[in-house]
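The values are calculated or read from the model by the stated rules, or taken from the named source; none is laboratory data. Every value quoted in this text rests on a predicted model; they were computed, and no experiment measured them. Because the Cβ atoms are built from the backbone with ideal geometry, glycine has one as well, and the counts that use them run over all protein chains shown. Quick note on the areas: whole protein, heavy atoms, side chains included, nothing else; ligands and nucleic acids left out. Shrake-Rupley method; radii C 1.70, N 1.55, O 1.52, S 1.80 Å.
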Amino acid sequence: MSAALPLRTRGVATLAIVAILFFVMSLVAAYANRNLIFEQRTSANQYRSTQAFEAAEAGVEWALAMLNGGSIDASCQPSGDADDTTFRERYIVINPDTGLITARLPTASGQGTVWPSCVYDGAAWVCSCPTEGAPDLDRPAGDGPFPAFRVRLSIAPGPAQPGTVLIESNGCTRLDDACLNFPPAGVAGEGRAAVQVLAALR
């Protein structure tokens with residue numbers, strides 16, 4: 001017949017078991033918390049990626065509509081001023097003999113390229129259609145998000161195709177030149193997307 005364990009020995013054994021169980025539960029909680037943080041980051045990244053892609057697609061659709069429009073002012077709004085030009089005249093040159101399309105350069109020296117841009121300010125899209133130089137847009141105040149896009153019109157790569165223009169649109173989750181320019185650069189914590197469409201003009 002075996003003797004019963006002393007009370008102190010039983011207490012130490014119970015304490016050891018409780019400590020092991022507590023350690024195991026802590027590991028389970030830490031692992032669950034890690035998975036939750038990972039899922040939150042994945043969801044946030046997906047949200048930013050989708051928002052940037054939608055902005056880039058909006059840029060292409062906007063450029064197509066603008067190419068078919070009339071005269072515009074510096075903020076891309078319809079204009080009745082005789083000095084204002086159309087979006088098409090402002091950004092591309094169509095050779096009357098060959099039909100080939102090239103991008104219009106902002107200066108006589110041929111340096112640089114103008115890029116029309118728009119940003120969502122929380123209530124509406126605000127745009128800038130410069131005839132030369134950089135777009136004139138202010139970054140919206142507040143926490144956002146305030147997606148933006150920048151459009152470039154250029155000749156399509158490969159064999160010359162008369163009457164066609166390459167529309168490139170960079171979309172970002174906020175107004176940032178590094179993210180929107182051509183070529184774009186990644187910005188920490190922001191989503192970025194690029195869409196290209198080859199369009200045939202009538």
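Using θ = phi - 60° and the Karplus relation 6.51 cos²θ - 1.76 cosθ + 1.60, list the HN-Hα couplings for the range 181-195 in order, rounded to whole Hz, with x at every Gly or Pro.
Going residue by residue, I get 5, 10, x, x, 10, x, 10, 4, x, 10, x, 9, 9, 10, 10 Hz, with x marking Gly and Pro.
So, by mean Cβ neighbours within 10 angstrom, what's the order for 73-80, 178-185, 192-199, 16-23 with the highest one leading?
Working: 73-80: 13.5, 178-185: 15.8, 192-199: 17.4, 16-23: 10.0.
Order by mean packing, descending: 192-199, 178-185, 73-80, 16-23.
Using a Gaussian network model of the chain with C-alpha springs under 10 Å, which one of ALA58, ALA44, ALA13 is most mobile by mean-square fluctuation?
ALA13
In Å², what does the accessible area per residue of the chain work out to with a 1.4 Å probe?
62 Å²
Please list, in chain and number order, the residues 5+ apart from ARG104 or on another chain whose amide H is under 5 Å from its amide H, with Hs placed from the backbone.
ILE92, VAL93
Return a whole-number percent for the relative contact order of the range 45-179, with Cα pairs under 8 Å and 6 or more residues apart as the contact set.
Relative contact order comes out at 28 percent.
Using modelled amide H (1.01 Å from N, peptide plane; none on Pro or chain starts), what sits under 5 Å from the amide H of SER75, excluding residues fewer than 5 places away?
CYS129
Hey, what do the phi angles of the range 66-76 turn into as Karplus ³J(HN,Hα) couplings, whole Hz, using 6.51/-1.76/1.60 and θ = phi - 60°, x for Gly and Pro?
5, 4, 9, x, x, 5, 10, 9, 5, 9, 6
Taking all protein chains as present, what is the carbon and sulfur share of the accessible area of the chain, in % to the nearest whole number, probe 1.4 Å?
The value for the chain is 59 percent carbon and sulfur by accessible area.
Can you give me the long-range amide H partners of GLY191? Hydrogens built in the peptide plane at 1.01 Å from N, cutoff under 5 Å, separation of 5 or more residues or another chain.
THR173
Using θ = phi - 60° and the Karplus relation 6.51 cos²θ - 1.76 cosθ + 1.60, list the HN-Hα couplings for the range 128-138 in order, rounded to whole Hz, with x at every Gly or Pro.
Here the 3J(HN,Hα) series is 9, 10, x, 8, 7, x, 8, x, 9, 10, 9 Hz.
Quick check: net charge around LEU137, other residues with Cβ under 15 Å of its Cβ, Lys/Arg +1 and Asp/Glu -1?
Around LEU137, the charge tally is -3.
Using only the Cα atoms of the chain, build the gyration tensor, take square roots of its eigenvalues as a ≥ b ≥ c, and label the shape rounded, prolate or oblate: rounded if a/c is under 1.5, else prolate if a/b is larger than b/c, else oblate.
Prolate.
Just from its helices, what would the mean residue ellipticity at 222 nm be for the chain, if runs of 4 or more DSSP H residues each count -39500 (n - 2.57) and the sum is divided by every residue, rounded to the nearest 500 deg cm²/dmol?
After summing the helix terms and dividing by residue count, I get -12000 deg cm²/dmol.
What net charge is computed for the residues neighbouring ALA74, neighbours being all others with C-beta under 9 Å from the C-beta of ALA74, Lys and Arg scored +1, Asp and Glu -1?
-3
Put +1 on the Cβ of every Lys and Arg and -1 on every Asp and Glu Cβ in the range 110-202; which of GLY191, LEU201, SER154 then has its Cα farthest towards the positive end of the dipole?
LEU201
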